[in-house]
Ligand code: CAA
């Protein structure tokens with residue numbers, strides 16, 4: 001096992017870290033406060049190739065390995081978790097299903113533009129009645145001649161309203177459970193397809209989370225992704241990769257909170273010395289650093305397995321579970337170490353804590369991750 005990044009991975013990480021610190025970090029608090037989708041920054045990311053890191057060069061992407069892509073999510077999330085999830089959902093759940101399951105025509109049509117950030121992707125699985133129980137969908141797709149007619153609604157869709165393409169899951173064969181679900185590439189502007197309510201959230205403001213409505217939406221049969229009935233497997237296999245990405249996002253948030261806490265405790269004086277000189281504070285810092293290192297190894301290992309095409313559902317869930325619990329614990333301790341200032345918006349740690357919470361919930365709650373881990377063990 002190698003525990004060092006290759007020169008190429010280090011270069012990508014450093015380049016993205018520099019971009020994130022210059023182009024994102026100074027605006028992160030404003031993005032959170034105003035809750036506006038950071039379109040200009042997303043466009044800049046697209047121009048730099050950051051929206052196509054794992055896409056092969058011949059398809060218009062950077063062609064970097066999966067771990068490099070994870071490093072990108074981590075560094076972007078260190079600056080702004082909202083931008084981290086915009087990137088993660090666009091690439092892991094919007095773009096990679098097309099790369100893996102798309103027809104040649106679909107790949108040619110969409111991948112170069114998605115990699116360049118000219119088209120933004122989203123993933124429409126969750127419904128009001130089907131969250132953790134993801135195969136219990138009620139959105140229906142009925143084939144009529146050369147198109148499908150979709151009816152139903154989706155909820156909590158990241159990049160909703162901002163994305164140009166939605167990988168949408170609907171039931172084509174009722175009674176077949178998970179095997180009766182199909183995936184479609186639904187374009188913004190499709191007749192009968194509209195964007196509904198935008199959620200007001202605890203954190204991750206700036207990342208759009210909306211409902212989607214399908215009312216006799218007419219989707220050409222050429223937009224079917226993979227085969228009929230393959231949809232649930234497409235969703236689950238992409239979530240394996242997506243969950244590692246959420247682990248990387250959590251890692252970025254945790255590192256940001258830890259660095260803020262370390263800096264603060266070194267300069268904040270009480271009882272005549274910096275609070276970092278008290279052993280009670282040192283033990284908290286030591287525990288935070290230990291958890292972050294462990295999370296990093298789990299996320300990087302799962303990414304390496306994914307890159308090598310090895311089974312990684314269990315490792316992805318372990319990485320997601322541990323890294324996101326780490327982000328919640330570390331950000332909560334970072335607020336604690338800032339005392340009263342930690343609870344104020346003058347310091348970024350309260351934002352980190354609010355942003356961390358959702359990482360334990362989306363792309364499968366941490367209870368669902370335990371189900372996946374246990375299933376793989378048994
Ligand atoms: N890869 C490929 N196929 C898989 C798979 C995987 N990782 N996991 C399951 N499958 C296949 C199974 O092999 C099975 O196929 P067969 O019938 O041919 O054997 C089929 O899918 C059904 O599998 P299960 O019986 O295990 O399915 P289940 O109904 O028990 O559900 C679950 C399993 C793990 C609970 C699943 O429903 C799940 O992951 N739920 C959580 C949903 C989720 O993560 N949602 C995230 C939404 S996206 C998001 O959050 C993005 C964002 O905004 C950030």
Turns out the helices (runs of 4 or more DSSP H) fully within the range 22-110 with at least 2 residues that are within 16 Å of the ligand (Cβ to nearest atom), within 17 Å of residue 248 (Cα to Cα) and modelled with pLDDT of 95 or more are 66-79, 81-88
Which residues, taken from the range 235-257, are within 19 Å of residue 336 (Cβ to Cβ) and surrounded by fewer than 24 Cβ atoms within 10 Å (Cβ to Cβ)? 255
Out of (1) under 30 Å from residue 28 (Cβ atoms); (2) in contact with a strand residue (DSSP E or B) (Cβ under 6 Å, 6 or more places away or on another chain); (3) more than 13 Å from the ligand (Cβ to nearest atom), the odd one out for residue 200 is which? (2)
Any chance residue 156 is over 23 Å from residue 107 (Cβ atoms), modelled with pLDDT of 95 or more, within 8 Å of the ligand (Cβ to nearest atom) and part of a strand (DSSP E or B): yes
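The values are calculated or read from the model by the stated rules, or taken from the named source; none is laboratory data. Bear in mind that the values here come from a model prediction, so they are computed numbers and not experimental data. Reconstructed Cβ throughout: ideal geometry from the backbone, glycine too, with neighbour counts over all protein chains shown.
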